[in-house]
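Asker: Input: one structure, supplied below.
Nothing in this text is a laboratory measurement; each read-out follows from the coordinates by a stated rule. Not measured: the values here are computed from a predicted model. When we count neighbours, we look across all protein chains shown, and the Cβ atoms used for this are built from the backbone with ideal geometry, even at glycine.
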Amino acid sequence: MNAGEFLREARATIQDRGMDYGHPSDNMSRTARLWSAFLEMPLTDYQVATCLALVKIARSMETGKVDNYIDGAAYMAIAGQLHTEENELYV
């Protein structure tokens, strides 16, 4: 896959997940509250998305599975959207 194909797949993933889970802020904010309580420190929605991208980066170190790169790109795009307060549901 070339870079454009990875990004197109990431976009499709975000759109598909949006149909299932709604706006990324809803799920990432909920996860941030849960992680914050567990870790006893405040986290934000965009930090959750960034941490999930880091999980995908860690997984990519074990295997060359394409979905790690697609999902990682999608999580970073969501983190960027949440951190810059662009609240459109879909890309």
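Asker: Under 8 Å between Cβ atoms, at least 6 apart or on separate chains: pull out the pairs that start in segment 1-30 with a residue that is in contact (Cβ under 8 Å) with a residue 12 or more places away in the chain and over 20 Å from Gln47 (Cα atoms) and end on any residue that is of a type in the set (Asp, Glu) and in a helix (DSSP H, G or I).
Answerer: Met1/Glu9
Asker: May I ask you to list pairs of residues, at least six apart or on different chains, whose Cβ atoms are under 9 Å apart, with the first in segment 44-70 being within 15 Å of Asn27 (Cβ to Cβ) and the second being part of a loop (DSSP other than H, G, I, E, B) and polar (S, T, N, Q)?
Answerer: Between residues of segment 44-70 that are within 15 Å of Asn27 (Cβ to Cβ) and residues that are part of a loop (DSSP other than H, G, I, E, B) and polar (S, T, N, Q), the close pairs are Tyr46/Thr84.
Asker: Continuing with this model, one more query. Could you list, in sequence order, all residues of segment 51-78 that are under 11 Å from Leu7 (Cα atoms) and of a type in the set (Ser, Thr, Tyr)?
Answerer: Tyr69
Asker: Let me ask another. Condition first: part of a helix (DSSP H, G or I), farther than 15 Å from Ala32 by Cα and among the small types (Gly, Ala, Ser). Now tell me which residues in segment 45-74 satisfy that.
Answerer: Across segment 45-74, the qualifying residues are Ala58, Ser60, Gly72, Ala73, Ala74.
Asker: Within segment 25-35, identify whether any single residue is assigned to a helix (DSSP H, G or I), among the basic types (Lys, Arg), out of contact with any His (no Cβ under 8 Å at 6 or more places or on another chain) and buried (at least 17 other Cβ atoms within 10 Å of the Cβ), and answer yes or no.
Answerer: Within segment 25-35, the first condition is being assigned to a helix (DSSP H, G or I), and the residues that meet it are 25-35.
The next check asks that each one be among the basic types (Lys, Arg); those that pass are 30, 33.
If we keep only those that are out of contact with any His (no Cβ under 8 Å at 6 or more places or on another chain) as well, we get 30, 33.
Within this subset, residues satisfying the condition of being buried (at least 17 other Cβ atoms within 10 Å of the Cβ) are none.
Scanning segment 25-35, I find no residue that is assigned to a helix (DSSP H, G or I), among the basic types (Lys, Arg), out of contact with any His (no Cβ under 8 Å at 6 or more places or on another chain) and buried (at least 17 other Cβ atoms within 10 Å of the Cβ), so the answer is no.
Asker: Which number in (1) surrounded by fewer than 16 Cβ atoms within 10 Å (Cβ to Cβ); (2) assigned to a helix (DSSP H, G or I) marks the one condition that Glu85 misses?
Answerer: Single failed check for Glu85: (2).
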